[in-house]
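For reference, the structure discussed in these notes is given below.
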């Protein structure tokens, strides 16, 4: 495990403790940030750094919604004569169970991959991985909500011939309401992947931290600007990337969400040049 | 495309989520099936390949051992087994696998198939090299680091190579070569574990390096056979084809034939060309942590032709996939009921998808058969198909195709009664009637046209000059339209009926003889020629070719015996044997021919980097350093490449350091074809590779410029510039001659003094003719008392004239009348200093002018009388010019300069229009007396074939493309005697 990854791992118990302490201070009711006038509270930019949305901090506030999540990424490494294009679309669902709890479901995506090794090219069209998650929102105070979560990856990915990729992710989503129109969202995500191949496991752990400012000047518009940092341990450890990101959210009618998101990993071992996300969702507003 | 793999995850759904990892690990994939698919732990073992195969025989011989020495090397000039390699052997074949420490061709390590030859008398290994790769980048070739033996006799023996991709250490590869008793091939399985972080496209394949003129791949696909899509590395995806198998056969009768058949799939993917085939599994996007495998059977069978190898391929497919075949037998007769086996007669069997007269796109060629000595043939063909049998002779269709169906277990075809060829016997002697080793060249004459007798190998290796086509242009004599006459002075060979001129030649310094013949089918004709030496060469001069290839080169199929015979037939005195990456000496062949006294051969090598690594300034793709010749080297057949150095990933300076230790005496390093373009992404000329601009000065040290590359000392020893000689003429290309000349002049202007040489770069008997051009080496050398060290010293000092016909006898005369020959030594002129120039040539060599080049510019031209009226087959009237030219006519007193004297046909008007690189690339194509945009930039028109009335006709017949030219090395004029000062770039 790399030094950065180790540091993050050591910080995890402290953060969890902080979250638990915060929960003891919180009111039993749902925190105000999740009930604000914002069209959609506690939502980071929806991007696909890893399968089934792993590596991106999920929403911090409980709601029931369903959406189609499109993801795409491009990696063009001219010096290595290498290129990778990936695109997928997956149905996503969140179902609020209790005041502060919900489950999330990411169904297997329809996944397209194209890779060029110099001029030797191949592409696949198949299914991507699925994931289920459990999320519990903890109101720290009137302005802050922390949401520990756990997600498990189901290895649906048909891109594998002999191997199978498993994974899970736990982490902490957060939303801090700065003003009636501005919130800070983000958190920590600790995705881990285990690719099993005949008794050999390729383990990769990519902790990430991200924070984004969400400006909602009107009821139908959200603008997201922020950045993330990822490190990697396991196979080929090291600093993974610094990820500036932006998203534009439109709510043309009440409950309908259209989100366009983009990130550009910089500086680290992740050679991806650009990630794009497109989310078309329906928020069941009465579930808020 | 939906990929497989779904059933595995389904099992994980029920038992749980996170813990499903462990359950799936145990339940999805039984460990015993995994071999090395999960990566190489040093103990894993790929399973036995081609499990459904079973061959039986009475012989149980089977063995695995290390190559001990040269005695373990199989027959054949391409055989390269050396100490450290591994031999798998049964009663049927010998396979040699490269030792780990011995990289060959494009492979960064051993572990490939070096030799594969059937164990029958006189069978020759023809395989250059087969190795594993998953892509076209150097990163993607397998680098093996360990080999394990498995000796489970009497069941099998195997060698298991373990390693990783060359520049992708996280991608592991394990390849198992297995041999069983009785089997005519190797079972091979490669397992590749993808441990890198990103998905990677892989094309797991065997790369089979044919090298252009050796084995010819045959692929049974629609419109295929020996014809392949053009291979361009930038669009290689377009060249991929799926096929049932791939076969390959040699140009020589004794050469082995090969077939590669996938064992784990009914089809195999790949691309093919005369240079390279890659055969393997389909292109696959492999996810990190995943793995792929592929299995194949690499069969070998005796030649001639490939039918025995394709028979094996059908047998393998029958056993593995249940495909049925039909045994086809038949008989050929060549006129008057005579059975006649001959290499020139072959039978092509193609499945007809349309009617029999349909184009190639409606046929699937499945096999080619060559009848035995008695005219019979037998082979297997796929069952239940509609076939045509097309006979070929002299590279052309012979008669009409026969159509039949393979609807039974066995078919006997009707007798094929084919037209008989003519037979020509030619005797060549000196005027004293002693036999003379010589070369014969046939050209069609009216009413026979070239189109009527031109041939090719089923469309491959189609050479314009192969008219008449007497044999494969890259094989031994007869080749193309040429025949070698051996020491007996007589040659007998078949010729397609027609009217021909028959030329007899012993090189440009002997007389030329010609006869006209008319040959009818079945007719036997005899001709006799007398040739005599011409008084052209000054005393103490030997002619030498410092760039010669034979069958040991990956891109030649010329047997040693014919190559050695050609040295004498072309009248070359000294040869530097410079096969690609292998040291040859031709001692055995010359000994068998009894010609040791007629020629001196200096073992050498042409280093030929294949693995792209060089990054000159501004280069967006990696390159190689091009080709360099080194001689004399020690010839040691116990070593890999007979002692040639490993030249991969070496800059020239580092290579010079390395070769320094391998010279036998003091050596010569020669920069070959400096500006020749790259071939399949591999640079062939160093100056082109670094994009040297002859208008820019070479700095004293590397400065980030293209020119600065030359000053680098990559291993703190030699500079990249520290070669001794550079080719100014290579072969007969006028364009390349003019470009190399510009580069040489650029160096001379900068005081970078390198001997200018003229070499044939001959790979064949026919298309690039030995000794055209060649060097005349001055210095008082004789063949009888040949002193190699002193001779090479003359070469390094530039005591040379390069020529493809004209003989320049040059002297710089000062006040005391001493004659100083061209060289790289400075000359201090006295009063009345002058040049004495004698220009002689055989009567058939056309010469227009004599040129005096001073500091790179033509300062004086002397026009010479036309050659018309001279008897081209005579022996007199050889001197075209003799006289003195005062130095003062050429150079200003007091200013040092260099002077090169040239002779020959007028040089074409050229310009640098295409790319402003300082090198000529465009000729005056519209004939308006200037080279401009109207001539289409980049269109350099080589002088083509001319009619018989043209004075160039005879020389061009002997050396296709030749433009009569000669040049001397420089005279360096040091006026003050205090050291010659280079003039600098203009």
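Data table
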{"quantity": "Output for the range B:486-514, where each listed residue is touching a helix residue (DSSP H, G or I) at 6+ places or on another chain (Cβ under 7 Å) and either assigned to a strand (DSSP E or B) or within 18 Å of residue B:551 (Cβ to Cβ) (or both)", "calculated": "B:486, B:498, B:503, B:505"}
{"quantity": "Meets criteria (surrounded by 20 or more Cβ atoms within 10 Å (Cβ to Cβ), in a loop (DSSP other than H, G, I, E, B), touching a residue at least 12 places away in the same chain (Cβ under 8 Å) and within 23 Å of the chain's Cα centre (by Cα)) for residue B:211", "calculated": "yes"}
{"quantity": "Selection from the range B:902-940 of residues that are touching a residue at least 24 places away in the same chain (Cβ under 8 Å), closer than 30 Å to residue B:881 by Cα and part of a loop (DSSP other than H, G, I, E, B)", "calculated": "B:905, B:906, B:907, B:908, B:920"}
{"quantity": "Among residues of the range B:394-421, those that are touching a strand residue (DSSP E or B) at 6+ places or on another chain (Cβ under 7 Å) and under 30 Å from residue B:442 (Cβ atoms), counted", "calculated": "10"}
{"quantity": "Qualifying positions in the range B:182-197 - over 13 Å from residue B:95 (Cα atoms), modelled with pLDDT of 95 or more and more than 11 Å from every other protein chain (Cβ to nearest Cβ)", "calculated": "B:189, B:190"}
{"quantity": "Residue satisfying condition, being surrounded by fewer than 22 Cβ atoms within 10 Å (Cβ to Cβ) and within 20 Å of residue B:507 (Cα to Cα), within set B:953, B:967", "calculated": "B:953"}
{"quantity": "Test: residue in the range A:213-220 that is at pLDDT 90 or above and under 13 Å from the mean Cα position of the chain (by Cα)", "calculated": "no"}
{"quantity": "Failed criterion for residue B:41 (all others in (1) within 14 Å of chain A (Cβ to nearest Cβ); (2) crowded, with 23+ Cβ neighbours inside 10 Å; (3) more than 26 Å from residue B:611 (Cβ to Cβ) hold)", "calculated": "(2)"}
{"quantity": "Residue check for residue B:846: in a loop (DSSP other than H, G, I, E, B), in contact (Cβ under 8 Å) with a residue 40 or more places away in the chain and farther than 21 Å from residue B:741 by Cβ", "calculated": "no"}
{"quantity": "Of all residues in the range B:135-158 being assigned to a strand (DSSP E or B) and within 24 Å of residue B:270 (Cβ to Cβ), the one that is farthest from the other protein chains (Cβ to nearest Cβ)", "calculated": "B:144"}
{"quantity": "Which listed residue is modelled with pLDDT of 95 or more and exposed (fewer than 15 other Cβ atoms within 10 Å of the Cβ), from A:260, A:274", "calculated": "A:274"}
{"quantity": "Qualifying residue in the range B:337-353 (condition: assigned to a strand (DSSP E or B), within 14 Å of another protein chain (Cβ to nearest Cβ) and crowded, with 19+ Cβ neighbours inside 10 Å)", "calculated": "no"}
{"quantity": "Some residue of the range B:461-479 being closer than 30 Å to residue B:548 by Cα, surrounded by fewer than 23 Cβ atoms within 10 Å (Cβ to Cβ), in contact (Cβ under 8 Å) with a residue 60 or more places away in the chain and in contact with a strand residue (DSSP E or B) (Cβ under 7 Å, 6 or more places away or on another chain)", "calculated": "no"}
{"quantity": "Which numbered condition residue B:658 fails, given (1) surrounded by fewer than 24 Cβ atoms within 10 Å (Cβ to Cβ); (2) part of a loop (DSSP other than H, G, I, E, B)", "calculated": "(2)"}
{"quantity": "Residues satisfying the stated conditions in the range B:112-134, i.e. farther than 23 Å from residue B:555 by Cβ and either assigned to a strand (DSSP E or B) or in contact (Cβ under 8 Å) with a residue 60 or more places away in the chain (or both)", "calculated": "B:118, B:120, B:122, B:134"}
{"quantity": "Residue check, residue B:297 away from chain A (no Cβ under 14 Å), surrounded by fewer than 21 Cβ atoms within 10 Å (Cβ to Cβ) and modelled with pLDDT of 95 or more", "calculated": "no"}
{"quantity": "Qualifying positions in the range B:247-275 - part of a strand (DSSP E or B) and either at positive phi or within 14 Å of chain A (Cβ to nearest Cβ) (or both)", "calculated": "B:269, B:270, B:271"}
{"quantity": "Which numbered condition residue B:645 misses (of (1) in contact with a helix residue (DSSP H, G or I) (Cβ under 8 Å, 6 or more places away or on another chain); (2) part of a strand (DSSP E or B))", "calculated": "(2)"}
{"quantity": "Residue check, residue B:217 over 25 Å from residue B:120 (Cβ atoms), crowded, with 24+ Cβ neighbours inside 10 Å, touching a residue at least 60 places away in the same chain (Cβ under 8 Å) and within 32 Å of the chain's Cα centre (by Cα)", "calculated": "no"}
{"quantity": "Subset of the range B:281-294 (residues that are within 11 Å of chain A (Cβ to nearest Cβ) and in a strand (DSSP E or B))", "calculated": "B:284, B:285, B:286, B:291, B:292, B:293"}
{"quantity": "Filter result (surrounded by 15 or more Cβ atoms within 10 Å (Cβ to Cβ) and touching a helix residue (DSSP H, G or I) at 6+ places or on another chain (Cβ under 7 Å)) within the range A:219-254", "calculated": "A:231, A:232, A:233, A:237, A:239"}
{"quantity": "Residue within the range A:169-186 that is touching a residue at least 40 places away in the same chain (Cβ under 8 Å) and at the interface with chain B (Cβ under 10 Å from one of its Cβ atoms) present", "calculated": "no"}
{"quantity": "Residue that is surrounded by the most Cβ atoms within 10 Å (Cβ to Cβ) [pool: residues in the range A:195-209 that are facing chain B (nearest Cβ under 7 Å) and in a loop (DSSP other than H, G, I, E, B)]", "calculated": "A:198"}
{"quantity": "Single match in B:590, B:595 (criterion: part of a loop (DSSP other than H, G, I, E, B) and over 20 Å from the mean Cα position of the chain (by Cα))", "calculated": "B:595"}
{"quantity": "Listing of strands (runs of 3 or more DSSP E) fully contained in the range A:216-288 that carry 3 or more residues being within 14 Å of chain B (Cβ to nearest Cβ)", "calculated": "A:221-234, A:238-250"}
{"quantity": "Of all residues in the range B:231-246 being over 18 Å from residue B:555 (Cβ atoms) and within 14 Å of chain A (Cβ to nearest Cβ), the one that is nearest to the chain's Cα centre (by Cα)", "calculated": "B:232"}
{"quantity": "Candidate set: the range A:154-165, residues that are in a strand (DSSP E or B) and either over 16 Å from residue A:105 (Cα atoms) or over 18 Å from the mean Cα position of the chain (by Cα) (or both); chosen: the one nearest to the other protein chains (Cβ to nearest Cβ)", "calculated": "A:164"}
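Matching residues to (1) closer than 30 Å to residue B:159 by Cα; (2) touching a helix residue (DSSP H, G or I) at 6+ places or on another chain (Cβ under 6 Å); (3) at pLDDT 85 or above:
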residue: B:15; (1), (2), (3): no, yes, no
residue: B:30; (1), (2), (3): yes, no, no
residue: B:36; (1), (2), (3): yes, no, yes
residue: B:56; (1), (2), (3): yes, no, yes
residue: B:61; (1), (2), (3): yes, no, yes
residue: B:64; (1), (2), (3): yes, no, yes
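The values are calculated or read from the model by the stated rules, or taken from the named source; none is laboratory data. Here the structure is a predicted model, which is why all the values come from computation and not from measurement. Glycine gets a Cβ as well: all are built from the backbone with ideal geometry, and neighbour counts include every protein chain shown.
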